[in-house]
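Below is one structure, written out as structure tokens, with a few remarks after it.
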Amino acid sequence: HPAPPAVTPGSTGPLASPTYFWGTYRPHVYFGMKTRSPRAVVTGLMWLQHGGNLRHTSEQNDGVSRYGWLMHDGENFGVQEIRDEGLVLRTEFVKQPGGDHGGDWSWRVTAKMEGKGPAPLLSLFFYVATDGQGTLRPVLENGTRLAAVAGTAEELGDFTLTFLPPTGEGGEGPKYASYNFLAAGVPGLHRLTDLVRQSLRESSMFSPPGRPRRRFFGVSSTGGLPGEPPRGQLLLHQVTLEPPAVLEVTLESGSAAGARRGRLAGPALSAALAQHTATFEQRFEDTFGLAARGVSLPQRRFAQAALSEMLGGIGFFHGRSLLRSEHREEPVPGAESMLFTAVPSRSCFPRGFLWDEGFHLLLLGRWDPALARDILAHWLDLLNADGWIPREQILGDEARARVPPEFVLQHSETANPPTLLLALEQLLPDAPLPYLRRLFPRLRAWFEWLNRTQAGPEPFTFRWRGRDTDPERFLNPKTLASGLDDYPRASHPSAQERHLDLRCWMALGARVLAALAERLGEPLAPYRDMATALSDNDLLDRLHWAPELGTFADFGNHSAAVTLRWHRPAPVPGRPPPAPQLRREVREAPRPQFVGALGYVSLFPLLLQLLQEDSPRLPALLGSMRNEKQLWTPFGLRSLARDSPWYLRRNTEHDPPYWRGSIWVNINFLALRALHGYARAAGLHRERAAELYRELRHNLVGNVFRQYEATGFLWEHYRDSDGTGQGCHPFAGWSALVVLAMAEDY
């Protein structure tokens, strides 16, 4: 987009922003750090319990029973715990400012076994790798132990990474260990795990004095991966020992030498960790006030972990999206982009998602408004010349390696809810004017793109583009653009559809842009007039109130009489008989009508607080929310009414229900926020809203906490029948909004 960038050039570098230069910006690995640089030098940890599997990237079902950040301040410090088949790993880091290249940092990794019995051999692999720029030089001790790496890189200058010898737990003396070292060419950072796995040979010997010798898998130098030319270097330090043990790694920046008061290791590192822990806990209480509200210590620890897992999941990505444009037949690479963003899930979705990020920023904006503003600006710099932002950001080889091929291509007609404006509304009062001036042209272009490309069939109506195009395959063709994927819409997609949730998002957008224009002294009439029209309750009634359903609804070409049936395709002569397929059967022809699918979409005029406090429609929505046959559960509001024909129904043979009954924290948070608002307004329904608010908050917070205690994770969504966590885990994206609900901070 031709507008000046929202992120000012140079502002993310080590001189302008030393605090955020280094970070745990590799959310897809269990533990690793890199800088906010294109083609950054990366550092990380792998481990192997001999007899088990090599661990490196955080995976959904790899047998690691619990992991996550317990404390992370988003800037200088973090503490994570990982539990893997009896092994407990504690990974801690502290950054220390100084010099012109982001300062120093230190890691401490503590390994111990749960329970009694002989400890298995454990190998820890500490590595540093380049991605197309920078050089690394090994510093060897006795020819086998990689004692240090001397490196240099564009934005890092000169640096030294030192691997200190392991010690026993609790400050005991040196710990016996065997050492292996690997130097190899890397075809790309996404191939690091494969490269290390391929270099392991069961030819190394663990020989502790006076104890039996044991053979183990050690790395042995290879030239790299066959047939894949190297793009960077890998230097890896393997330490093999019997837990318990403590290992430390320090990175020292060449330009910080003058300010350094000694190496940050041993007792100095322990003191720094203790200081940062105390500071974090005080800042957490100052921000959210949970102790002052009488929240129990286990619940406060849970809330700290929820925030920390979101902060520890922030990543920095660089690369090009693959785009499908209506102007071109072939997919085209997008512009080279950089993105600083939180991610929904370190295991399933370790990359940026547009509508998720607006929810993430509601929490991040409370903890660190400057960080939230920086992330928001990065997202707006992804705007293309038309004013479109791709809804899923797959930038760089490491990000692309985690995405199924069918989801890599981003379609330029596909929008996503403009939740960034929800976050901006919160950030607006305290944001510096020069920052808002940089944002405004891009926000205006994005909003105009939404208004132009997602317009509905008549004035002040809107329609999500890009619904699934094979109606025979799906019980109800998905609407990925809405973020609510398989939530039931009109059974037969058409240009006549009117989508209620999109109309409400546009009302919110117009309201926020009007407030922003007023703050900047820009012409605000177009946004104010649009916000007024879209908030007109009579017009909303005329377009979206369905008297026959007693609720707000989408409108379109719809039949409720649809089902999936097994169908055997006609045989082709000379070929094996084709497998049966589940295909849609329409038993009653569709007609233009309101879509009877009571659920989250029906609530949007309430969720985004467009209904006036004395609206005659509020009682019906509040009644549906509290009705156990419809949306109410003891664990939160379910996404689709239990008496809906689509409730918990599969969409295809391979598509289980997603937004068809499960409880989702982001929409429950919007419901709490809205009920809290209506309970404080002077309308007729304030007492009913207050009662629902208290019950819903109690149910939602209680269930998310119980599931965390039982499993160690926040979950993507929760089963409506018993509150069990479902889908991806850990999911400290919008599920971490439970922290704001606990603080009653809306």
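The values are calculated or read from the model by the stated rules, or taken from the named source; none is laboratory data. Everything numeric here is computed off the predicted structure, so don't read it as measured data. Quick reminder, even Gly has a Cβ in these numbers, built from the backbone with ideal geometry, and neighbours come from all protein chains shown. Surface accessibility is based on the protein's heavy atoms, side chains included, excluding ligands, DNA and RNA. Shrake-Rupley method; radii C 1.70, N 1.55, O 1.52, S 1.80 Å.
The distance between label points at Glu588 and Trp566 comes to 2.7 nm (points 7 Å beyond Cα on the Cα→Cβ vector). Across all directions, the average projected area of the convex hull around the alpha carbons of the stretch 348-482 is 10.1 nm². Residue by residue, the stretch 569-580 carries 3J(HN,Hα) couplings of x, 4, x, 9, x, x, 10, x, x, x, 5, x Hz when phi is fed to the Karplus relation 6.51 cos²θ - 1.76 cosθ + 1.60 (θ = phi - 60°); x denotes Gly or Pro. Taking the charge dipole of the chain about its Cα centre, with +1 at Lys and Arg Cβ atoms and -1 at Asp and Glu Cβ atoms, the residue from Ser412, Val42, Gly733 reaching farthest to the positive side is Val42.
Note on Glu458 and Ala291: the extension gain reaches 54.9 nm, defined as 0.36 nm multiplied by sequence separation minus the Cα-Cα distance. State the answer as a single residue: which of Val94, Phe217, Val29 lies farthest towards the positive end of the charge dipole of the stretch 18-257, with beta carbon charges of +1 for Lys and Arg and -1 for Asp and Glu, about the Cα centre. After comparing all options, I get Phe217. Helix 369-380 and the longest principal axis of the Cα set of the chain meet at an angle near 70°. Working note: Karplus 6.51/-1.76/1.60 with θ = phi - 60° gives the stretch 489-506 the couplings 10, 4, 5, 10, x, 7, 6, 8, 5, 10, 9, 5, 5, 5, 4, 5, 4, 5 Hz, where Gly and Pro are set to x.
Extension gain, Glu687 to Gln282, is 142.3 nm, computed as 0.36 nm per intervening residue step minus the present C-alpha separation.
Computed from the Cβ-Cβ distance with R0 of 22 Å, the FRET efficiency linking Glu653 to Leu549 stands at 0.15.
Lacking any other cysteine beta-carbon closer than 4.7 Å, the following Cys residues of the chain have no compatible partner: Cys504. Dividing the summed helix terms, -39500 (n - 2.57) for each DSSP H run of n ≥ 4, by the number of residues in the chain produces a 222 nm estimate of -8500 deg cm²/dmol to the nearest 500. For the peptides 512-522, 39-49, the ranking by mean Cβ contacts within 10 Å, running from highest to lowest, is 39-49, 512-522. Bridgeable aspartates and glutamates around Lys95 (alpha carbons under 15 Å apart, same-chain partners fewer than 8 residues away excluded): Asp73, Glu75, Asp104, Glu248, Glu252. Taking every protein chain into account, the accessible area of the stretch 18-257 amounts to 36 square angstrom per residue (probe 1.4 Å). Close amide-amide hydrogen proximity is noted between Gly103 and Gly98, each under 5 Å apart and 5 or more residues distant or on a separate chain (H modeled in the peptide plane; Pro and chain starts excluded). Across the stretch 459-543, counting alpha-carbon atoms alone, Rg and Dmax equal 15.8, 52 Å. Taking 0.36 nm per residue of sequence separation and removing the Cα-Cα distance, the Asp430/Arg301 pair yields an extension gain of 43.5 nm. Accessible surface of the stretch 442-573, 1.4 Å probe: 53 percent of it comes from carbon and sulfur atoms. Computed with the Debye formula from one identical point scatterer per Cα of the stretch 18-257, without solvent, the log10 of I(q)/I(0) at q = 0.11, 0.12, 0.17, 0.18 Å⁻¹ comes to -0.54, -0.65, -1.39, -1.57.
Evaluated at q = 0.16 Å⁻¹, the base-10 log of the normalised Debye intensity for the stretch 247-309, with identical point scatterers placed on the Cα atoms, takes the values -0.70. Accessible surface for the stretch 607-672, divided over its residues, is 35 Å² per residue with a 1.4 Å probe. Across every direction, the projection of the convex hull enclosing the Cα atoms of the stretch 557-682 has a mean area of 10.5 nm². Return the carbon/sulfur percentage of the accessible area of the stretch 18-257, one whole number, probe 1.4 Å, all protein chains in place. So the carbon and sulfur contribution to the accessible surface is 50 percent.
Within a straight-line Cα-Cα reach of under 17 Å, Lys112 can be paired with the following lysines, leaving aside sequence neighbours fewer than 8 residues apart in one chain: Lys175. Packing, as the average of other Cβ atoms within 10 Å across residues, places the peptides 562-570, 490-498 in the order 490-498, 562-570, highest first. Percent of C-alpha pairs per 20 Å bin in the chain, short distances first: 16, 48, 30, 7, 0. A Cβ-based charge dipole, computed about the Cα centre of the stretch 270-359 with Lys and Arg at +1 and Asp and Glu at -1, lands at about 280 debye. Listed by chain and number, the lysines whose C-alpha is less than 28 Å from the C-alpha of Lys629, apart from same-chain residues fewer than 8 away, are Lys478.
Protein heavy-atom accessible surface, 1.4 Å probe, per residue over the stretch 707-746: 25 Å². According to the calculation over all Cα-Cα pairs in the stretch 143-287, the P(r) per 5 Å bin from zero is 2, 8, 13, 14, 16, 15, 13, 10, 5, 2, 1, 0 %. The peptide list 27-38, 398-409, 639-650, put in order of mean Cβ contacts within 10 Å with the highest first, becomes 27-38, 639-650, 398-409.
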